[in-house]
Amino acid sequence: MAEIRAEEPASTISKTFLIKPKLKSKPRSLPQTPESKYWSSFKSTKIPNLVSSISSLSFSPSPPHLFAAAYSASVSLFSPLSLSDGDVSPSSTISSFSDVVSSISFRNDGLLLATSDLSGLVQVFDVKTRTPLRRLRSHTRPVRFVKYPVLDKLHLLSGGDDAVVKFWDVAGESVVLDLMGHKDYVRCSDCSPVSPDLFVTGSYDHTVKVWDVRVENSRSVLEVNHGKPVEDVIYLPSGGLIATAGGNSVKIWDLIGGGRMVYSMESHNKTVTSICVGRVRKENDGAESMEDRILSVGLDGYMKVFDFGNMKVTHSMRFLAPLMSVSFSPDCRTRVIGTSNGIIFAGRRKGKENVESGRVGNVLGFESISESERRVLKPTYFRYFHRGQSEKPTEGDYLVMRNKKIKLAEHDKLLKKFRHKDALVSVLSRKNRENVVAVMEELVARKKLLKCVSNLDSDELGLLLTFLSKNATMPRYSSLLMGLTKKVIEMRVEDIRNSDALKGHIRNLKRSIEEELRIQHSLQEIQALGTSRASSVNLFSGLGNLHLPSLQTSLTPAALLTSASLILMFGNKSRMAFVNFF
Amino acid sequence: MMRGGRSLVSSPPAFSNDAKKLLVCTSNTVSVFSTVTGLLITSLEGHTALVTSVIVVPPSNPAAKVLCYCWTASLDGTIRYWDFSLPELMKTIDIRMPIFSMVIPSFLDVPAEENGKHQDLFAYVSIEDTKETQERTKASRRQIRKCNLSKSRLVGRLILGETRKPEVLTVSPSGKFFGIRNKCKLHIWKVLDQGSERAAVRKITLHHTKKITVIAFHPTQRIIAAGDVTGRILTWRGFGNRAFAASNGVADQKLINVQEDKPGVRDNDDADSCSTWHWHSAEVNVLSFSSDGSYLYSGGKEGVLVVWQLDTGKKKFLPRIGSPLLYFIDSPDPTLSSISCADNQIHLLKMPSMGILKTISGIKAPCFYPDIYEGLGNGIAFDQTAGIVAVRTENYCIQFYSLFDDRGVSEVQVCERNHQPGDDVTVIVTSVALSIDGSLMSTSEVKLAEEGIGGLVCLKFWDAGSQNKEFSLSTIVYEPHRDAGISAVKFHPSGNMVVSSSFGGDFKVWKCNHDVIQNDQMRQNFSWTCHSVGSYKKKPMTAAAFSADGSVLAVAAETLITLWNPYKNVLLAVLGETLTPIVNLSFVGKSDNLVAASCGSNPQLSVWNMSKLSVSWSYKLHIEAVASAVDLSSFAALVLLPESSKKTTFKGMDGVILLFNATDPVPTVIWSVRKAKGGALCFVQVNPSSVEEISIDGKAPEVLLAYMNGDHEYVLFDPYCKDAREVSVSQKEGLAAHDHKGQAGQYGYASIYGELPEFDRKRPEAPWVPSFPSDRPWETIFSGSSHNLPPLTKLCSAFLESLLEKRTAAAE
């Protein structure tokens, strides 16, 4: 409420009321949570025109966290820093592949990049020079994934359509272990973040197997059944949980608990193609901390953010293409999503350049607390008398509040002085339509609106007509504005005839009303289909046909408005009804 | 028996000598308020009609300042002398003629008692001579007479003047002059030295071209100011130099001759000069000189107090008081004065700065709207548990008024607008409803369209904080029923549901979702959403009511009553039908009876039995209000008497309150009341704290009936106590005496039980027949859903019969 009470006994009984627009109804959905605000704060950049489906995306673990995208028979490296400047061209491209690149993986120091392609070849490149250092040839069928272990610089993991998972010694270009066990194409794997020996692989035989290279007989340690062909599997940061994606669902499994399913998230409508771990900044009791989330993308074009602590989907975002791959940078500032039609949606967030991760942030936070405290002021100090107006009160001070100043907009001030026309013109030139409608309603309450209209000069009338032509057909305001439009044209028909500019406004008005009529017609037809009230629509469209030609020929806009407003009144209701109906 | 809600502004108030008390005429009592707290201290009771003047005896020496004596005059023809500190009646002078106004000019000149020689105290009164009705026309019966207060009689045969209307006397602060206005003229009398009581007083007349509304005398000089209906303020200086000087026998030839020296004075009037100020746009109601004579206060209909500097004519304002001003009274304390406003508020002003210190708040008068907006209801809602009534006021507020304490509790601004008296009505608060516990309120307002543009109906929901009664807005619904007006808003007994019915043919049930927000202080957050919509044959819904347990919702669809399950929105039954649209529905307590009142050409009060779904009995009565207590099986109805019986039997009483037992068509008690039009009724539960004041014979009533008349005066009484009935009857006489007509004291209602049989005899003739297969049954027999229809054989005969009847009627 705008009721503002002075601290002292009021000298007048009346109060100052501001002219405020009508309240809008609140949306039924929940207001934006801090988390969805966080996810929306990634400023989206589109990297278009890559040849085909983005099969894999990967971030370099070392700053400045370059990311590599595999598409068709090439791999491009992008710099996130140049993204924020709006530069979407790749910083470098490797295109010496004979077939489609299926997967890429950075070594944990970010110096080497492993790639796999559908010819069955696994290659290791130097990121800086882009020269292939090693070629690992052993797979007989297309290779689907290659992975550097998180804590190991010497080995590689790869697998493919021959259902064999191979553990390589990179330096010697030799296979250390052939891990048999999958009965169908192996599609994905991830290496444990806590142990150099453990990794998981997922296959189209619906199973996810956990392997340990220390086990003698090359048999899987643990096996879980996802129930659908597995598209992607990741370790969650603790190392004890894994998440698998397959079909429409993302499932979370407890490995330490013997492969028990913890939760199944089924909010995608089509196959989930890729998942990765994302981080979100949380504020709990003032302390800032990072929490982990699962980002999943699917062919339905949605990216979902899943909080696996609370087992809730906390955010969801729609893209206009099937999504193939997702990745989230270790510094929590970039997330990239690849689509099936060669577009990368890269999102970058503003922030301190040196924030590495949550743990580093905590250290910084600690530093900010230990700021040196200033000495307490006492009335005996000289400095005490030199305090300025900006001095904050101390705890024991008695506060004398100044009366809150009521901030009046220009139209409020003019209305207070009963300069009604000036107020209307002032608010019309401000372009805030809610305020304009509020001022008009106030003028109606003072029974002065029509007098104002009759006093407007030609420029101001043009302003009013512009406003009306833009807004008269909005359902929210049309009950007031249609009537007003009619009255304005009736009252000022002479002025409009004499001015070409005003005639132009009237043409715009006519156009917007015709547009609205067209919408109403189509809505009516749809509604009639739904409710089998064909007769009323026929009657209605007959009415429209009757009037529309006459509009085009006649020069008297008032007649146009009369018929149009009649139809509109009817139409608005039906539009509401239409919305309700569905 | 409690009464209250009386007008505080019927006559000018008066300050006590120490300025700590304010004496306010409140109908036939004088209420003494503290100026520090604004609360009632005591009241002087004794007059039997409206008190018109109260005059505090000024102190003759500084030591006498603490003395608290006052004179009061009343329409009952008595002048009384009080000690208002005790309070105690000291003396009564009966002059047997209603007194409209009284002044006592000569307090200052009265020598004190110690002088040895006691001199008589004279008052001048404006009276109506009721005795000599035959030989004189009514016009000249209003007289200005002199009254010897010391000897308790009028000074015989001395008539100073006669006027057409009862006029208010104004006395100069010096006590030398007093005057009245008479259309376009001013009459001024000079008070002569004490001497004999028959000494003739001299009169002069000043003329003006417009009707004069108010006059004021300068405290020291011979200056008189008058305001007229056009808003001009005229100031005559040096009035009466000729006539009053000549009274001393010294004829001053020079003054008579030199007429050119009198600028602005008309018609050779006896004044030196006349100047005019014009600021007010409408008539001036308030004129008063400051005590030192250098300022003039004026005010009028526009609600602005203007301070004029007398020498220069410079103005200062106290703007936006929001109501027409009626009186401005200076107190002996120079820093305090009071203004009385037409909305029944007295504001105490801190003087040089004119800030409002305190407000003595009476119940605000009902607001009257043009006839187009009739049928909006009276805008009165009761909080039964706390004994608080909510009335809508002219300045778009809802005023909460405590019935037990007889003072305003708070005010809630419903529309964010300031009211300016004299404005066109553009926004109307149409209805107000309170939940049973009084913590929730719902209001509806209509913004009127300007030539068909921009009309808006608004439904608002309010909730009160837990401790204080400050209501805050929780939900606004714009156009709840499209553009149709709201006919009724009612709360569910549990408080979390509201039904609003509209003339547009539907009703909506609103549901409250409240969630507790736990920030610094616990705060409940209410939000209301539409739960269901219902309509019946597109008929306008005119009234609605929830049953006491909340399981049934009754909505009147013009002449039919539809019963709904409010939770599931299922039509349970249709009760038909009355002759004219129903305007009021009410369930009788916990019993299974429903009272419906319809008005119009064929008014009706009908009681429907919910178990049988039929009329149990009905009367042809014009019902203004119906009230039923929560846990009783009886209800009270306020009945407007038809024009014919008003004159003969009830002598100005235009309404009766009937108390019924729902099962019995014979009323258990009948009271007769005045000004029933626009009145309201409610059963108020008694809370223990206020029991002592109300209890009669040491027995506390459990429930009281509150009746509020069309002027918002109210009375609380126990409808079941036998003794209370006696009390209330005698008090009704008092209520009757509120009327300003001023007839002598015999209101013929003391013999209420004598008249009752006649009243009852008339009634049962028509209405005893249970329900009515009315003259056109073919309209009713097919109403209702198809599976509820009686068998065809039964229907057929009835239908054919009705046709036959019609034809015979046509044949005749």
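One residue stands out among those in region A:278-320 that are hydrophobic (A, V, I, L, M, F, W, C) and over 18 Å from the mean Cα position of the chain (by Cα): the one that is farthest from residue A:346 (Cα to Cα), which is A:287. Residues in region A:452-481 that are over 23 Å from residue A:18 (Cβ atoms), out of contact with any strand residue (DSSP E or B) (no Cβ under 8 Å at 6 or more places or on another chain) and either of a type in the set (S, T, N, Q) or within 13 Å of chain B (Cβ to nearest Cβ) (or both): A:453, A:454, A:455, A:458, A:466, A:468, A:469, A:472, A:473, A:475, A:478.
Only one of these is at pLDDT 90 or above and either out of contact with any helix residue (DSSP H, G or I) (no Cβ under 9 Å at 6 or more places or on another chain) or of a type in the set (D, E, K, R) (or both): B:507, B:526. Name it. Testing whether each residue is at pLDDT 90 or above and either out of contact with any helix residue (DSSP H, G or I) (no Cβ under 9 Å at 6 or more places or on another chain) or of a type in the set (D, E, K, R) (or both) leaves just B:507.
Say whether the condition of being assigned to a strand (DSSP E or B), among the charged types (D, E, K, R) and more than 14 Å from chain A (Cβ to nearest Cβ) is met by at least one residue in region B:480-487.
First pass over region B:480-487, keeping only residues assigned to a strand (DSSP E or B): B:480-483, B:486-487.
Going one step further and asking which of them are among the charged types (D, E, K, R), we end up with B:482-483.
This time we only want the ones that are more than 14 Å from chain A (Cβ to nearest Cβ), so: none.
Within region B:480-487 (the criterion being assigned to a strand (DSSP E or B), among the charged types (D, E, K, R) and more than 14 Å from chain A (Cβ to nearest Cβ)), the answer is no, since none of the residues qualifies.
Within region A:46-89, if we keep just the residues that are without any contact (Cβ under 8 Å) to a residue 40 or more places away in the chain and in contact with a strand residue (DSSP E or B) (Cβ under 7 Å, 6 or more places away or on another chain), the residue that is farthest from residue A:128 (Cα to Cα) turns out to be A:74. Against the conditions (1) in contact with a His (Cβ under 7 Å, 6 or more places away or on another chain); (2) within 12 Å of chain A (Cβ to nearest Cβ); (3) surrounded by fewer than 21 Cβ atoms within 10 Å (Cβ to Cβ); (4) not hydroxyl-bearing (Ser, Thr, Tyr), residue B:365 satisfies every one except (2).
Conditions tested, residue by residue: (1) part of a helix (DSSP H, G or I); (2) farther than 25 Å from residue B:415 by Cβ; (3) modelled with pLDDT under 90.
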position	(1), (2), (3)
A:426	yes, no, no
A:441	yes, no, yes
A:461	yes, yes, no
A:467	yes, yes, no
A:479	yes, no, yes
A:483	yes, no, yes
A:495	yes, yes, yes
A:501	yes, yes, yes
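Among the listed residues B:346, B:339, which satisfies the condition of being within 12 Å of chain A (Cβ to nearest Cβ), outside any loop (DSSP other than H, G, I, E, B) and surrounded by 23 or more Cβ atoms within 10 Å (Cβ to Cβ)? I'd like the intermediate steps shown before the answer.
Working: B:346 fails: within 12 Å of chain A (Cβ to nearest Cβ).
None of the other options fit; the residue is B:339.
Any residue in region B:482-501 that is in contact (Cβ under 8 Å) with a residue 12 or more places away in the chain and over 34 Å from the mean Cα position of the chain (by Cα)? Yes, that holds for at least one residue. If the requirement is being closer than 30 Å to residue A:44 by Cα and either modelled with pLDDT under 75 or in contact with a Pro (Cβ under 6 Å, 6 or more places away or on another chain) (or both), which of these qualifies: A:364, A:377? A:364 is the lone residue from the list that is closer than 30 Å to residue A:44 by Cα and either modelled with pLDDT under 75 or in contact with a Pro (Cβ under 6 Å, 6 or more places away or on another chain) (or both). Scanning region A:133-172 for residues that are part of a loop (DSSP other than H, G, I, E, B), of a type outside the set (Phe, Trp, Tyr) and surrounded by 15 or more Cβ atoms within 10 Å (Cβ to Cβ) gives A:138, A:139, A:142, A:149, A:150, A:152, A:161, A:162, A:163, A:164, A:170. Remark: pairs (first residue in region B:449-463, away from every other protein chain (no Cβ under 11 Å) and closer than 23 Å to residue B:413 by Cβ; second residue aromatic (Phe, Trp, Tyr) and surrounded by 21 or more Cβ atoms within 10 Å (Cβ to Cβ); Cβ separation under 6 Å; 6+ apart in sequence or on different chains) = B:461/B:528. From the list A:289, A:325, A:296, the lone residue that is of a type in the set (Gly, Ala, Ser), in the same structural domain as residue A:207 (by the TED database), touching a residue at least 60 places away in the same chain (Cβ under 8 Å) and buried (at least 23 other Cβ atoms within 10 Å of the Cβ) is A:325.
Would a scan of region A:490-497 turn up a residue that is farther than 25 Å from residue A:517 by Cβ, more than 10 Å from chain B (Cβ to nearest Cβ) and of a type in the set (A, V, I, L, M, F, W, C)?
Looking only at region A:490-497, we keep the residues that are farther than 25 Å from residue A:517 by Cβ, and these are A:494-495.
Of the ones still in play, those that are also more than 10 Å from chain B (Cβ to nearest Cβ) are A:494-495.
Restricting the remaining residues to those that are of a type in the set (A, V, I, L, M, F, W, C) gives none.
No, that holds for no residue.
Within region B:368-381, does at least one residue satisfy the condition of being under 30 Å from residue B:238 (Cβ atoms), modelled with pLDDT under 90 and out of contact with any helix residue (DSSP H, G or I) (no Cβ under 9 Å at 6 or more places or on another chain)? Checking region B:368-381: not a single residue is under 30 Å from residue B:238 (Cβ atoms), modelled with pLDDT under 90 and out of contact with any helix residue (DSSP H, G or I) (no Cβ under 9 Å at 6 or more places or on another chain).
When restricted to residues that are more than 12 Å from every other protein chain (Cβ to nearest Cβ) and part of a loop (DSSP other than H, G, I, E, B), region B:317-336 contains 6. Taking the criterion of being part of a loop (DSSP other than H, G, I, E, B) and hydrophobic (A, V, I, L, M, F, W, C), the residues of region A:37-66 that qualify are A:42, A:50, A:51, A:66.
The values are calculated or read from the model by the stated rules, or taken from the named source; none is laboratory data. Here the structure is a predicted model, which is why all the values come from computation and not from measurement. Glycine also receives a Cβ, built like all others from the backbone with ideal geometry; neighbour counts cover every protein chain displayed.
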